[in-house]
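Quick notes on the structure that follows.
The values are calculated or read from the model by the stated rules, or taken from the named source; none is laboratory data. Only a predicted model underlies this, so the values are computations on that prediction, with no experimental measurement involved. Reconstructed Cβ throughout: ideal geometry from the backbone, glycine too, with neighbour counts over all protein chains shown. With ligands, DNA and RNA removed, areas are computed over all heavy atoms of the protein, side chains included. Shrake-Rupley method; radii C 1.70, N 1.55, O 1.52, S 1.80 Å.
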Amino acid sequence: MAFSSWFFRFGSSSWKKHFNSSIFRSSSLHQQARNPLISTNLLKPKEQQRLPSWPISFFPLAVVAVSAGTLALDLKRGPSLCDSSLDYSNAAKDTTEVVVQGAHKEVSQELIDELKDICKGSMTLDYEERYFHGKPQNSFHKAVNIPDVVVFPRSQEEVSKIAISCNKHKVPIVPYGGATSIEGHTLAPHGGVCIDMSLMKKIKSLHVEDMDVVVEPGIGWVELNEFLKPYGLFFPLDPGPGATIGGMCATRCSGSLAVRYGTMRDNVINLKAVLANGDVVKTGSRARKSAAGYDLTRLMIGSEGTLGVITEVTLRLQKLPQYSVVAMCNFPTIKDAADVAISTMLSGIQVSRVELLDEVQIKAINIANGKNLPEVPTLMFEFIGTEAYAREQTLLVQKIVGEHNGSDFVFVEDAEAKKELWQIRKEALWACFAMEPNFEAMISDVCVPLSRLAECISRSKQELDASPLVCTVIAHAGDGNFHTVILFDPDREEQRREAARLNHFMVHTALSMEGTCTGEHGVGTGKMKYLEEELGIEALRTMKRIKAALDPNNVMNPGKLIPPHVCL
């Protein structure tokens with residue numbers, strides 16, 4: 001099929017060289033974050049009110065790390081009290097303001113001394129360190145304050161003691177994972193104590209015969225899979241590089257393989273979490289299924305740090321595929337591509353990935369990587385199993401593609417060729433900045449029932465194409481989840497307003513089709529404003545009652561996930 005000439009377009013990626021200085025300009029701070037030292041360089045009073053500037057952010061897709069983007073709630077009040085008349089800027093649907101407000105409460109010297117004793121020196125008060133932890137690395141969301149203290153616990157016991165001290169002093173707790181999240185998850189508008197989990201990254205036990213592993217929350221999924229590879233096992237969820245297991249649990253992430261293996265809620269057997277009062281809760285046994293009591297595991301997964309700090313996770317593993325084939329094909333319209341994804345799933349073919357990229361995204365890849373791919377809507381598939389089975393499934397999909405105006409169907413079986421294809425897909429979002437290097441990106445994701453995917457993408461795409469802003473579409477098309485990247489100049493009000501309008505349109509289009517405002521990015525501070533329309537006020541009040549029961553002093557990410565106007 002003359003594949004060699006086609007694949008030649010995918011030579012080695014060189015675009016990163018042009019962006020290294022921008023992408024990694026905070027790398028020195030990041031190194032400091034992983035080598036914490038005590039510092040007495042306290043923030044001056046005027047600096048506490050200083051707003052962050054607009055740096056260029058680069059965004060992995062699935063992102064995932066937990067922290068607290070909180071709103072201006074009075075921390076002295078119980079969580080059942082609220083004032084629905086307050087103007088929460090990031091909760092108003094038409095606002096372009098992205099700085100989350102927060103009432104700062106001073107951290108006492110008594111608490112600082114307690115934390116020093118608990119963490120045995122693994123903490124910092126340094127301004128640059130605290131600023132690094134208070135500004136999401138992959139989000140345009142910002143906050144008026146940053147953490148007052150950053151601590152680096154080494155054990156579950158230390159996390160428990162930290163929680164007890166913070167709860168006693170009624171100071172917010174901000175759990176912090178890989179900082180790869182998108183919806184403002186690493187914000188700390190009230191200040192407080194940021195708990196960086198990077199030192200808790202042990203693999204505690206591996207049960208090869210049971211196909212499960214027990215890990216601490218700070219380990220990344222990439223590092224975990226490197227450890228598992230010699231055993232013929234892997235953990236199938238693949239969000240953005242840098243995401244940690246704890247953050248992946250907290251945001252209920254998924255990724256490109258979710259169409260075959262499910263999301264985080266399907267791949268966690270049990271976990272341990274430290275509650276606000278310091279209690280350690282284990283949510284279940286290591287059995288693959290259980291009907292014993294409430295499902296506390298799923299309660300904690302997706303709670304985004306509002307109910308507790310995850311300190312241990314038991315994960316379900318999968319066998320490394322014996323054989324795989326990666327295929328790629330082009331379409332005249334994005335609807336044709338989406339229709340093929342739907343037809344493939346309805347046919348019963350067991351694909352492991354179905355990824356859709358629109359023509360603007362392909363153009364970005366060409367510019368960033370020096371490629372010459374056809375700039376048209378494109379589908380990428382992966383088939384796994386035995387060699388015969390994978391090839392059979394490939395041919396079946398090729399037939400479906402031909403019935404829906406598809407063309408240029410090619411597939412690869414060589415390991416390096418497959419790796420190159422998926423590497424380009426993984427870097428697709430970063431490639432967008434080759435088109436507008438000095439812009440910010442508003443990234444949003446929605447998910448709809450599979451039968452509505454083509455219509456939802458088509459309607460959203462029509463609005464995006466009519467906009468003066470550069471917008472791309474990327475979809476996990478096999479489960480109805482798609483993303484937009486909207487590039488805008490943060491210094492121009494009309495562009496901020498237009499980006500917010502497009503995001504709002506896409507979300508409400510999905511909600512009108514019985515979809516969700518977020519398929520895998522989580523709520524954070526950015527999607528709270530849509531939850532009442534999606535879930536209803538009674539569901540939100542139920543969430544708030546659970547929050548009040550587990551965190552009566554409202555120190556675990558106050559104002560996070562649950563909209564501020566919800567009252568009991």
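Any chance segment 456-463 includes a residue that's surrounded by fewer than 19 Cβ atoms within 10 Å (Cβ to Cβ), modelled with pLDDT under 95 and of a type outside the set (Phe, Trp, Tyr)? Within segment 456-463, not a single residue is surrounded by fewer than 19 Cβ atoms within 10 Å (Cβ to Cβ), modelled with pLDDT under 95 and of a type outside the set (Phe, Trp, Tyr).
Listed here are the residues, each with its yes/no results for (1) more than 21 Å from Tyr261 (Cα to Cα); (2) acidic (Asp, Glu); (3) open to solvent by 10 Å² or more (accessible area, probe 1.4 Å); (4) not in a strand (DSSP E or B).
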{"site": "Lys335", "(1), (2), (3), (4)": "yes, no, yes, yes"}
{"site": "Val340", "(1), (2), (3), (4)": "no, no, no, yes"}
{"site": "Gly348", "(1), (2), (3), (4)": "no, no, yes, yes"}
{"site": "Ser352", "(1), (2), (3), (4)": "no, no, no, no"}
{"site": "Ala364", "(1), (2), (3), (4)": "yes, no, no, yes"}
{"site": "Lys371", "(1), (2), (3), (4)": "yes, no, yes, yes"}
{"site": "Glu382", "(1), (2), (3), (4)": "no, yes, yes, no"}
{"site": "Ala388", "(1), (2), (3), (4)": "yes, no, yes, yes"}
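Scanning segment 170-212 for residues that are over 30 Å from Gly102 (Cα atoms) and in contact with a His (Cβ under 7 Å, 6 or more places away or on another chain) turns up nothing. Identification of strands (runs of 3 or more DSSP E) wholly contained in segment 231-330 with 1 or more residues that are touching a helix residue (DSSP H, G or I) at 6+ places or on another chain (Cβ under 9 Å) and more than 30 Å from Asn553 (Cβ to Cβ) yields 268-274, 309-316, 323-330. Taking segment 372-394 only, how many residues are closer than 18 Å to Val470 by Cβ and modelled with pLDDT under 95? Residues in segment 372-394 being closer than 18 Å to Val470 by Cβ and modelled with pLDDT under 95: 1 in total. The residue of segment 390-422 that is surrounded by the fewest Cβ atoms within 10 Å (Cβ to Cβ), among those that are part of a helix (DSSP H, G or I) and of a type in the set (Gly, Ala, Ser), is Ala415. Looking only at residues in segment 97-133 that are of a type in the set (Asp, Glu) and not in a helix (DSSP H, G or I), the one that is surrounded by the fewest Cβ atoms within 10 Å (Cβ to Cβ) is Glu106.
Report, by residue number, each residue of segment 221-237 that is open to solvent by less than 10 Å² (accessible area, probe 1.4 Å) and in contact with a Gly (Cβ under 9 Å, 6 or more places away or on another chain). If you could, list the steps in order and put the result at the bottom.
First, the residues of segment 221-237 that are open to solvent by less than 10 Å² (accessible area, probe 1.4 Å): 224, 228, 233, 235-237.
Across segment 221-237, the qualifying residues are Pro236, Leu237.
Residue count for segment 430-449 under the criterion of being open to solvent by 10 Å² or more (accessible area, probe 1.4 Å), among the aliphatic types (A, V, I, L, M) and within 15 Å of Gln137 (Cα to Cα): the result is 1. Taken over segment 145-159, the residue count meeting the criterion of being open to solvent by 20 Å² or more (accessible area, probe 1.4 Å) and either among the hydrophobic types (A, V, I, L, M, F, W, C) or in a helix (DSSP H, G or I) (or both) is 3.
Filtered by the rule that a residue be touching a Cys at 6+ places or on another chain (Cβ under 7 Å) and acidic (Asp, Glu), segment 480-525 gives a lone residue, Glu520.
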